[in-house]
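No value in this document is a laboratory result; all are computed from the given coordinates. Bear in mind that the values here come from a model prediction, so they are computed numbers and not experimental data. Heads up, the Cβs are rebuilt from the backbone with ideal geometry, glycines too, and the neighbour counts pull from every protein chain shown.
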Amino acid sequence: MIATCSEIAAELFISLSTVKSHVSGIHTKLDARNRVEIAAWAWENRIVEST
């Protein structure tokens, strides 16, 4: 399951707007349409492992 922006913010003790800003930057850099594509890229590039 992909965490929501609110869950990420709470886990990292940062503001929701900071999370949204970073996610937006990642979308741009990876030319990804959504967070699922970001997660797929991270898995394909072994940034994260499946659980």
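Against the definition (surrounded by fewer than 14 Cβ atoms within 10 Å (Cβ to Cβ), out of contact with any Phe, Trp or Tyr (no Cβ under 6 Å at 6 or more places or on another chain) and not charged (D, E, K, R)), how does A3 come out, yes or no?
So A3 passes the test.
Among residues belonging to segment 6-28 that are exposed (fewer than 13 other Cβ atoms within 10 Å of the Cβ) and charged (D, E, K, R), point out the one that is farthest from A40 (Cα to Cα).
This residue is E11.
I'd like the residue in segment 31-51 that is of a type in the set (A, V, I, L, M, F, W, C) and in a helix (DSSP H, G or I) and, out of all such residues, is surrounded by the most Cβ atoms within 10 Å (Cβ to Cβ).
I38
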